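What follows is a single structure, written as structure tokens, with notes after it.
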Amino acid sequence: MTSRSLLQIDGLRLSIGEQPILHNISCSVDAGKVLGIIGESGSGKSMTAYSIMRLLPQGAVVSGSIGIDGDNLLDKSEAQMCEVRGDDIGMVFQEPMTALNPVLTIGDQVAETIRIHTSAGRREALSVAHRVLERVELPPGKYPLSRYPHELSGGQRQRVVIAMAIALKPRLLIADEPTTALDVTTQAQILSLLKKLVQEDDMGLILISHDLAVVADIADDIVIMREGVVVESGTVRSVFAQQTHAYTRQLFKASSYQPERSTITNVDDNLLVVDNVSRDYRLPRTSFFSKPGYFRAVDRVSFTIRRGENLGLVGESGCGKSTLTRVILGLDPCQQGSIVLDGEPVVAGQAMLRDTRKKMQVVFQDPYASFNPRHKVGRLIAEPLHLVDQSLNTKDRAELIVNTLLSVGLEASDAEKFIHQFSGGQRQRIAIARALITRPALIILDEAVSALDVSIRAQILDLLSDLSSAHTLSYLFISHDLSVVRSVTDRVLVMKDGKIVEQGETEAVFTRPSHPYTKRLIAAIPELPVTD
Amino acid sequence: MLRFALRRLLSLALTLVAASLIIFVAIEIVPGDPASYMLGLNAQPETVAALREELGLNVSKPQRYFNWVGGMLRGDFGTSYTYRTEVTPMIADRLLISLPLALYALLLSTLIAFPAGVIAATRRGSGADLAVMGSTQIGIALPNFWFAMLLVSLFAIKLRWFASGGFPGWDTGLFAGLKALTLPAIALALPQASILARVMRSSLLDTLGEDFIRTARAKGLTARQALWRHALRNALIPVLTIIGLQFSFLLAGAVIIENIFYLPGLGRLIFQSLTQRDLIVVESVVMLLVFAVVLVTFLVDVAYAIVDPRLRRK
Amino acid sequence: MSARPSGVMRYRHMITGGLLVLTAIVAAVVSFYWTPFDVTQLDIANKLKKPSAEHWFGTDHFGRDIFSMIMVGARTSISVAIVAVGIGMAFGVPLGLAAASRRDSLLDETLMRINDLIFAFPALVIAILITAVYGASAINAIIAIGIFNIPVFARLTRGAALSLWERDFILAARVAGKSKFRISFEHILPNVLNLLIVQGTIQFSLGILAEAALSFVGLGAQPPLPSWGRMLSDSQTMISFAPHLAIFPGLAIVLTVLGLNLFGDGLRDYFDPRIRRDSR
């Protein structure tokens, strides 16, 4: 260490109640530099940030020292901390949709930072807010200060949160997963904004993320945390090059994981044919008598999935991919076009043949919302059996349940447990078991690995790939995460505003995108530096 | 904002039309003819016919419905079957007691509940919180008419601070009038204040757990500043719903409480009319009560939109 | 980070509440077979007696035993309130489920408008209307309170069901080919049941208050059937010299309602997913 750091954390320990959260954390940030803190869920990375801000839940006990310019923040009184927060240290949060007060204008919320810490009046503070919003590239000419948060998109709201945090040019900015809830192109913009602000204000930045690639792009130093312990730290270059600790290597491997897959042989065997499909949504009536309005969420979409093929579908939030999923699954009707699965038409409602319906199953994103909490696992995964024609006797049924559980890497005894006894990764295995039990030909994976930590994600991708070759399964792999799609699919569709703007062989699309939107998407993907 | 209010106003009008139909049809099911009932069994057919003419009963039922609604729109509620006088001034006099009573009670209830709820929420788990939670638990279980009786026996009969009932009339002065309404208003307000204080407390606690409160604290606001500047206004949204609902309870409660304090309000009028089978009065008072409830619902909707900008666009 | 008193405290409240409610129910049931005195028997010689070893809560102006009357009154209060909650649930829950299963459809819109319309009629107003047509009776009170309960349960069910319909496990059931009707009963109803039970206890306690109020103004149970509300209205003129006539029936109402509320609060906490989630 050449000079004294801006922020110096030494031997930080934290426990909440009886539960130890952080063990002996030490790290530092210099002015004008970016420190990336990386970790999976439960690593204590966010709690480190809240310890610095001293915004911890009740019952938290902290020890060690958090020095900013030689002052130990842990020695300060609550009143002194209120002066530090927002003035010396600013903070940006993960969820921009809920981080702003819904009943106050964005101008007032940014101006508040200024009015709390200075003697500026409302008008003066608003004019400062005006300049700050310009700095975060949310020009008040286009987005007036009188806007309310609900009138802005997620990325725009995150800019407002950043404006509040940097309004007084703090010396340190803490950003806790600032781009996790955002689309990939917005993520790229927010990251470059943060980088620009760091340089202009000579500010220190702590960037907390679960995503190695995000941090790799902009951080100078990096700390890798696991279960409340720093496992490795140093400059980004040295950590990436050396990977001293086994966990670091594991994390790197999992982040760019590519499961082994057999490629399909039969090119002409179409399993699913989607032809010119459109879906209009009826907007909620504004009053009892007014005519409902319509919104076209899926616009004349055509594609096919071959037997045994992995097809990717990528697009940003609101592009219509969820709606398309619902139409393919026969949950919603389409207003135009046709869908044929294995030679039989897919239609919404009860009209679809059971035999057709059982050939297609789905795995959802949220492992916590995907199951009825009141049923045991055995009953949960047996639900689709109701589609299987021959009535199974109790013994066969139980055997089928056990075999299916075993095939996804769970145990026979798990059938008698309730869903809350399982972790997120295990739940995703149960969701796959439920999809598998009717021996379908197609499984739609709707962001099925997006909510999982990278190491768990790698395991699930392996499982999916094994199952695919064992049962000649096709997957429709829907994700906003382009790097995962790239590593597991044969062909890919790019969707924007309800339309498929580009489709083709995955590698070809990623290396030579033709549509400008695809180009932008791919350019925005944060990439890990190549290490060997 | 204006379009929002207009749309709500339209829905208010529709509700009133539907409600008036229900009330009219319900009362029309009553067997027997009011004119014959009023004149007794031995009345001459000519006299009955004359009275039917006078009461407007000799036209078809749809016509009578339109006459009734049309009359109300002009402020004419018809002629009382029992007293043979105009219903409108009768109701207007009574309304001058019932409405102030309900509003007085609403004001008291809000004035008690807001501070109690805020104190309980900000000092969660403290003695003050426990006291608020305990006393409101009992307050909610208290039937207001029983509480009114206890108030009368303590403050009117034992301590003689208030009269045990009756109303001196507004012309004896605002103070005398308000004094006569004080015990009834307290009886009405306390149980409602208990509910309101609890809603205020839990709504405030929920809001204090929101992400934007954390954001505010990260800006450097103290816990107290975050409460006053950010939590309170958001917490108000569910509280408004309850205030709206309470008004209809208070109005209905006022109708009951008036009987204990011998207040000549709508409540006394409607129960007299019920026993005398003066159905035109019953019909009109019921319509008036429904109108008041619907109007308050409308006002609460507008208040929502003022508090919550997200609702203005819809 | 819980706002609530510790588990044991909350448990104690719930048990206290449960015991109070149980007492009222036992009193009501026992009153069918035995009461200390016959409540239909007048005993003018013993009128307006203060509470004593013989008449625990004293006697009224006809010499009837107040304790016995409160036991029989519990029967009226509880049965009116339970049947009214039953009416509210029997109509409100299916309507709410149906409306939620076809969100924003004409059915949904119509049901919700009708709900709003019923909300415009306070229970007292419904009772007045029914009395005007059919005269006063305990049935009148049941119907009035029951109708008032319908939109309460319909709204609650619809709101909770709507958010469940958005959940992935419902989509999974639809992918499994189950009909909306079947899903409503197999998945939605069991998951809103907790909420309905909690609201049920609240409406039960409100029902007891409402029944008492209606009887108090003569729109509910008619003589000779004793009811807490009418006992109070009878006591009104005698409160200055025979306060026990007013105090005991009033306490019966307060304690029963308090018991229900404490029990309901306890149930709510017990069912609260925010508390149970900690265990996962």
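Things to note:
- Scattering curve values for the range B:35-76, log₁₀ I(q)/I(0), Debye with Cα scatterers, q = 0.29 Å⁻¹: -0.92
- Remark: the range B:85-99, residue by residue, has Karplus-estimated 3J(HN,Hα) of 10, 4, 6, 3, x, 4, 5, 4, 4, 5, 4, 5, 9, 5, 5 Hz, where x stands for each Gly or Pro and the curve is 6.51 cos²θ - 1.76 cosθ + 1.60 at θ = phi - 60°.
- Think of it as helices only: each DSSP H run of n ≥ 4 in chain C is worth -39500 (n - 2.57), and spread over all residues that comes to -24000 deg cm²/dmol at 222 nm.
- Near A:E232, the amide H atoms lying under 5 Å from its own belong to A:I224; only residues 5 or more places off or on other chains count, and H is placed 1.01 Å from N.
- Scanning chain C for GluC sites (Glu not before Pro) lying in DSSP loops with no more than 15 further Cβ atoms inside 10 Å, the longest uninterrupted stretch between such sites is C:167-280.
- The distance separating the Cα centre of the range A:379-448 from that of the range B:55-116 comes to 64 Å.
- Here, the range B:250-314 has an Rg and a Dmax of 16.6, 51 Å when only alpha carbons are counted.
- Here B:K179 is the anchor, and the lysines within straight C-alpha reach of less than 26 Å, apart from those fewer than 8 places off in the same chain, are B:K158.
- Backbone N within the range A:133-168 under 13 Å of label point (7 Å from A:T118 Cα along the Cβ vector): A:133, A:166-168
- Note on the range A:1-88: the C-alpha convex hull projects to 6.1 nm² when averaged across all orientations.
- Annotation: peptides A:242-249, B:156-163, A:61-68, B:230-237, ranked by per-residue average of other Cβ atoms within 10 Å with the highest first, follow the order B:230-237, A:61-68, A:242-249, B:156-163.
- Label-point gap, in nm, between A:N270 and C:Y11 - each point 7 angstrom along Cα→Cβ: 6.5
- Cross-link reach is defined here as a Cα-Cα straight distance under 21 Å, omitting same-chain residues fewer than 8 places apart; for C:K178 the lysines meeting it are A:K358, A:K359, A:K376.
- Converting phi to 3J(HN,Hα) with the Karplus coefficients 6.51, -1.76 and 1.60 and the offset θ = phi - 60°, the range C:64-70 yields 7, 6, 4, 4, 5, 5, 5 Hz in sequence order, with x at every glycine or proline.
- Computed helical MRE - 222 nm, chain A, DSSP H runs ≥ 4 contributing -39500 (n - 2.57), nearest 500: -10000 deg cm²/dmol
- Computed extension gain for A:E416 through A:Q80, at 0.36 nm per residue and net of the alpha carbon distance, reaches 115.5 nm.
- Between the amide H of A:L6 and those of A:V29, A:D30, A:A31, distances stay under 5 Å, these residues lying 5 or more places away or on another chain, with hydrogens modeled in the peptide plane.
- Amide H contacts for A:G312 (H built 1.01 Å from N in the peptide plane; partners 5 or more residues away or on another chain; cut-off under 5 Å): A:F477, A:D490, A:R491, A:V492, A:L493.
- Cα-based Rg and Dmax for the protein assembly as shown, where Dmax is the largest Cα-Cα distance (Å): 34.8, 117
- When the alpha carbon gyration tensor of the range C:9-102 is reduced to an equivalent ellipsoid, its three semi-axes come out at 38, 18, 10 angstrom, largest first.
- Interatomic Cα distance distribution for the range A:194-257, bins of 5 angstrom, percent: 4, 16, 28, 26, 14, 8, 5, 1
- Using the Cβ-Cβ distance between A:L55 and B:N58 with R0 set to 45 Å, the FRET efficiency works out to roughly 0.05.
- Per residue of peptide A:95-103, the mean number of Cβ atoms on other chains within 10 Å of the residue Cβ is 6.
- The GluC sites (Glu not before Pro) of the range A:1-82 that meet both conditions, a loop assignment by DSSP and at most 12 other Cβ atoms within 10 Å of the site Cβ, are A:E18.
- According to the calculation over all Cα-Cα pairs in the range C:179-280, the P(r) per 10 Å bin from zero is 14, 29, 24, 17, 12, 4, 0 %.
- Scattering curve values for chain B, log₁₀ I(q)/I(0), Debye with Cα scatterers, q = 0.14 Å⁻¹: -1.14
- A Förster radius of 41 Å, combined with the Cβ-Cβ distance separating B:L14 from A:H515, puts the computed FRET efficiency at roughly 0.25.
- By the equivalent-ellipsoid construction on the alpha carbon gyration tensor, the range B:81-181 comes out with semi-axes of 35, 17, 14 Å, ordered largest to smallest.
- Spin-label proximity, A:L392 to the range A:462-496 - amide N less than 18 Å from point 7 Å beyond Cα toward beta carbon: A:471
- The angle separating the long axis of helix A:424-436 from the principal Cα axis of greatest extent in chain A is about 20 degrees.
- The phi torsions of the range C:245-255, fed into the Karplus equation with coefficients 6.51, -1.76 and 1.60 and a -60° offset, translate into couplings of 4, 8, 5, 5, x, x, 4, 4, 5, 4, 5 Hz, rounded to whole numbers, with Gly and Pro shown as x.
- The convex hull defined by the C-alpha atoms of the range A:96-169 has an orientation-averaged projected area of 4.2 nm².
- Distance in nm between pseudo-label sites at C:S52 and B:R84 (7 Å out along the Cβ direction from Cα): 5.5
- Diffusion constant of chain A at 20 °C, which comes from Stokes-Einstein with the Kirkwood Cα-pair radius and 1.002 mPa s, µm²/s: 84
- Cubic angstrom per residue, convex hull over Cα atoms of the range A:424-532: 131
- Between 0 and 90°, nearest 10: helix A:106-117 axis offset from chain A longest Cα axis: 30
- Rh (Kirkwood; distinct C-alpha pairs) - the range B:5-127, Å: 18.8
- Only DSSP H runs of four or more residues enter the estimate; each adds -39500 (n - 2.57), and after division by the residues of chain B the mean residue ellipticity at 222 nm equals -25000 deg cm²/dmol.
- Farthest toward the positive end of the dipole of the protein assembly as shown, out of B:N259, C:V26, C:T201, is the Cα of B:N259, where the dipole comes from beta carbon charges about the Cα centre.
- At an R0 of 25 angstrom, the distance between the Cβ atoms of A:A470 and A:L331 translates into a FRET efficiency of 0.35.
- Checked against a 24 Å cut-off, the cross-linked pairs A:K45/A:K321; A:K196/B:K219; A:K142/A:K499 give Cα-Cα distances beyond that limit for A:K45/A:K321; A:K142/A:K499.
- Chain C - Rg and Dmax from Cα coordinates, angstrom: 22.2, 76
- q = 0.11, 0.18, 0.23, 0.27 Å⁻¹: log10 I(q)/I(0) that the Debye formula gives for the range A:366-439, counting C-alpha atoms only: -0.23, -0.62, -1.01, -1.37
- Relative to the longest principal axis of the Cα atoms of chain A, the long axis of helix A:394-407 makes an angle of roughly 50 degrees.
- Simple spin-label estimate for C:D38 and C:F185 in nanometres, 7 Å along Cα-Cβ: 4.9
Bear in mind these aren't lab numbers, they're just calculated from the coordinates by the rules spelled out. The structure displayed is predicted, hence computed values, not measured ones. All Cβ positions, glycine included, derive from the backbone under ideal geometry; neighbour counts span all protein chains shown.
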